[in-house]
Structures are given as structure tokens and as C-alpha cells.
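Take a look at the structure set out below.
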Amino acid sequence: MLEQKYIKSAFELLVNKKVIKSPKNYSCVQKYLKSLPSGYCHSYPNVVSLKVTANCNLRCKHCFYSGEPDLYSSDNDSKKEDIFKLIDFLADELNIINLTLTGGETFVRKDFLDIVRYAKSKYLPLVIQTNGTLLNEKIALQLNEVLYKKSDIIHISIDGADEKSHDSIRGSGTFNKAVNSIKLLRKYSLPVQINVCLTSISAPTIQNIFTLSQSLGVDKLSISRFHVSNEQHRYLDLSTVDLIYCSHKVFQEMKKYPNISAAVKIVDIFDFLKIAAGRKILDAYLEENKPKILENQCLSCHNHNKIVISAKGDVFLCSMYESDDTTLGNLHEKDFYEIWENRFNTPYFQKRDISTTKCKNCKYIALCGTGCMASAYKKYGDINAAPAECTYYQEYLKEQYE
């Protein structure tokens, strides 16, 4: 049985990190959106995640490619020249404000630093994602020469604050390689963020990740819960009790290390709906804050200002669920503007109609905003369905109709 203090602490983190919807935030955003011309939001994406390769030198247990060896193939990776042309377009025509270079493992590409240099020649702010196992002094020197330390950052995955937990997920020797890469990058004062995926293996060490970050001179940290992509990963998932307890521990560490900026996505409202004590806290919050029910129409989580481009050139609106029926098109086959117009035909661009959703009479809708539309679509084939994570709705139906 969870102690009440853990539940309260986890909820405080939820509000602190704005996972719980704030009426003040919504009124501000709604006012801004209403001020924009019809069709403006968003005319074109301004944030892009580009997968430079599908290949990876690791076979991590929690990877959604795990068990699908064909997905690691680099046979269809875009050529360097095509990536350069794409970067020209993103910088010169779309005027994007941020480009994330990801994979696969980015540094598997022998020409990856050429891609980085070219992106920086276009003055694009960069996020580089890597597992940190392939970096060396020569690469660090080249990154130091080209990256702008005020706008660019390198994300390195650390799945567990010690060698045992990290290596059990990512493979023998990977923890020391990642840690040494961080030390190397920090030697040149390059900005680094440590990314942690919280699983049943990494959870026991989670509070030590702050100590590790501090010792490595890293002041940015991202901790995200693991989402099961197929049943063979189920053993890595955490129970609601474990997630809330981990949230409590993380929140305590955040107070100890105020200099570390931590993006934390461990629990959400649906975890609190699963337990009676959690629902009591939500009820008290609703009573105290009286947040307004969202307007009848709402867009997805990011108002369509982001796109994901796969290694072979497929364009998606959502990084969580990439599939044949959610792709907008392929950049090697169609012009970008034609692809972008196709967004109107994809499920993730449609507006959710709260008046018809099965969640419309739920008192918690003001807090969750009906949840993730991609999750609902993947499970039920309907963006207006209750989110797949919501057991409260399922329990409600049981009570009403059984």
C-alpha cells in the first residue's frame, strides 16, 4: 500500500511539470490561437526531427525496433546529398527554429559530421541524439568547432545510474562508454542532456541519476516513463504504484539539485485515476481550482508545428506512432508542399470533437484534455475514443452497462 505522502508528492510533480492541464495556461493559449488568421495554426511546421539512419550499433531491450531486425536496415537511408537539399529547404523556405538529428544511432553514419556541419552552415539550432558509445576525442573536437553552445545540445541516453542497470538494457560496456563520452563533451564545455527511459530495470537507481548528472557537470536531465510497444517488452513496464513511488523520489531529488533542469514525464492523470487515493487528490484539485472544460474543438498536443522525417524520407506528424496509414508521404516521391497538404487526410491532423467523444461527461476531462489522440487511434481506430491509458472510463462503462 502506498503511503499518502508518496501520492501527494507525485501529484505535486504532475502539477509542477504542467502534466495536469492548467486553466490559466489554456486561457492564454486559447486567446492567442483565436487571434491568429484562419488556417494559420500552423501553416507549416517549425520544429523537425530528422532520422539520419535506421541503423544502430546497439540492440537495446526496450527499443521499439527490438525483435524486428529488418527495421535496423540502413539500405533505404537517405543519401547525404538529399539530406543537404532537405536542410536547404527546412532552413531557407520553412525557416524552422529547431532541428533534431536522431536515428537509429546518428554516429553510425560515416558522414554524420558532414550533415552536422551543413546544418550549422544554415545557422539551424541543433539537438543531436546519441547513445554515446561511438564518440571519441576527434569527434568531440569537431563538434566543439561547429556547435553553438548557447543553442545546440547533445542528448545522451543513460538508462540507469550504474553500470549494472544500464548495461543490462543496452549491452556490456555501454555505461562506461556513455559516461566517458559525456566527460569528453563536457571537457569542451559542450551542452549535454542526459535522457533516461524509466523501466523496471532502471527504476531502482533513479534517484542516483541526479548525483551522476551533477558529478559529470550536466545540468539538463530528461526522465520519461517506458511505454510498451509490444508484449515482449511487458516485463520492463512499471506498475502504477512503482511509477508514483519513482515520481516521489525524483521530486525529492529535484529539490536537492535545483541547478539541474529536469524534464520529467513519469506519471500522468491516468495513473491517479487507477487508485482511490489518487482520485481523491484529483477531486480536491478540481474543487479548489475549478478548471474550465476545454472548448468543443481541440487539436493534438503540439498544434501541428512539428514533423518527423524517417531515414527513408517518410513524413509523420507524430513520433509516437509511425505507420503506413499515418504517413503524409515520402520526400523522395513527392514535393513537400504536396505532402504537407495531405495532412488534412491523416487521422492525427483532425480536430477532436469533445461533444461526440465518449469522455464528454467525465469530470476529469478538464485535467487530461481527453489524453493522447494517437494512443486512442492506435487502439480503437478513432481519435475521439477514450485514450487507451484510461482505465477509469473502462470501469465507468462496466458499472453502467453490466
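Descriptive notes on the structure:
- Subset of 61/255; 149/256; 79/177; 120/149; 164/255; 51/85 violating a 22 Å alpha-carbon distance limit: 61/255; 149/256; 79/177; 164/255
- DSSP beta bridges confined to the range 4-352 are antiparallel in about 15 percent of cases.
- 15 Å cut-off, amide nitrogen to a point 7 angstrom out along residue 89 Cα→Cβ, residues in the range 319-353: 328-343
- At 1.567 mPa s and 4 °C, Stokes diffusion of the range 99-140 via Kirkwood alpha-carbon radius, µm² per second: 120 µm²/s
- Checking the cross-link pairs 249/280; 5/379; 150/379 against a 29 Å limit on the alpha carbon distance flags 5/379; 150/379 as lying beyond it.
- Hull volume in cubic angstrom per residue (convex hull over the Cα atoms of the chain): 154 Å³
- The aspartates and glutamates whose alpha-carbon is closer than 18 Å to the alpha-carbon of residue 351, local same-chain residues fewer than 8 away aside, are 295, 325, 341, 382.
- Hull volume in cubic angstrom per residue (convex hull over the Cα atoms of the range 110-218): 96 Å³
- Fraction in percent of alpha-carbon pairs per bin - 5 Å, the range 170-237: 3, 15, 22, 24, 17, 10, 6, 2, 0
Any read-out appearing in this document is the output of simple, stated calculations on the displayed coordinates, not a laboratory observation. Quantities reported herein were computed from a predicted structural model and do not represent experimental measurements. Because the Cβ atoms are built from the backbone with ideal geometry, glycine has one as well, and the counts that use them run over all protein chains shown.
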